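Scroll down for the structure; my scribbles are underneath it.
Values quoted throughout were computed directly from the atomic coordinates according to the rules given, and no laboratory measurement underlies them. None of the values given here were measured: they were computed from a predicted structure. Glycine gets a Cβ as well: all are built from the backbone with ideal geometry, and neighbour counts include every protein chain shown.
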């Protein structure tokens, strides 16, 4: 019977399925209390992972990110403030770790630059519009113009009525 | 203004200029805030002899090189011959910082490829690496007599980096 042949296979598969969870990788150790973990997430979401630069420190799975989260946990447990933790990171990796770089002379261009360009654009637009308006011919009509318009309109009317009769 | 039609061209040239500079930069290379500052102190067991410790304090009075490496790091193998060359020149002691490595693996690598280091400190959990702002091995620091970091190179040292940057700087620091 085919059933006989398959049953050891099924048994083996079921055993493997049952054993499988024991092979699962251990979860990364979390801090014991959720308060620390919450603060860790808030702080590390504002930081760049140095290895995979498009990921935040909170979301990255790189080894270094793991180590840095471990350090931040320790700092939180030591009772350091968020600012102290931030400067711990900046002292080592520079402003680059912060997604929100601080406003200081070297970052002025970064912070103010877009507004300067916007202002330049607005001024340019105003100047352009003013110049264009000045270049336009005056639209005031003289008495002679009005007479010609009347004549033309009259012509148009009579020709259109003629067309109707056709 | 006859040359008005040149304005878009000029703007384009400016754009090309910005892109030429921006795109030729390596985004992996982050300027280190540690250059110009005192090298962080630490005390770690040595790679070859866990009973002995190493501390940067002991290097004061001479310029030296700190090279962060690991046996698992492919780029370190690439730079290793350059370090061996540098070691032969005897211009400055090279101290290794074996970063998150296994002792046997590291010893095997040095046995196979030569050991340019005066000694290596063994940073098992990478804690000292964090103090030095290490984010990609290999990294190399040139530290002066007073213990101030004068230069940092991220990624493997090439002969060009050695000849154009590290050796002239060491000559200056002597």
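Figures for the structure shown
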read-out	value
Sites residue A:53 and residue A:134, calculated FRET efficiency, Cβ-Cβ separation with R0 35 Å, nearest 0.05	0.10
Shape call, region B:83-147: gyration tensor on alpha carbons, a/c limit 1.5	oblate
Antiparallel content of DSSP bridges confined to the protein assembly as shown, in %, to 5	60
Rounded if a/c under 1.5, otherwise prolate or oblate - region A:33-97, Cα gyration tensor axes	oblate
Antiparallel content of DSSP bridges confined to region B:1-140, in %, to 5	35
Overall form of chain B per C-alpha gyration tensor (a/c, 1.5; a/b vs b/c)	prolate
Mean-position separation - Cα centroids, region B:37-79 and region B:111-166, in angstrom	7
Chain B: angle of helix B:103-113 to the longest principal axis, Cα-based, in degrees nearest 10	70
Share, in percent, of DSSP beta bridges within region B:75-174 that are antiparallel, nearest 5	50
Cα-based helix-to-principal-axis angle, B:74-89 vs chain B, degrees rounded to 10	70
Projected area, mean over directions - the protein assembly as shown, Cα convex hull, nm²	44.6
Peptide-level mean, for A:83-93, of C-beta atoms on other protein chains within 10 Å	3
Angle between chain B longest axis and helix B:7-23 axis [Cα atoms, degrees, rounded to 10]	10
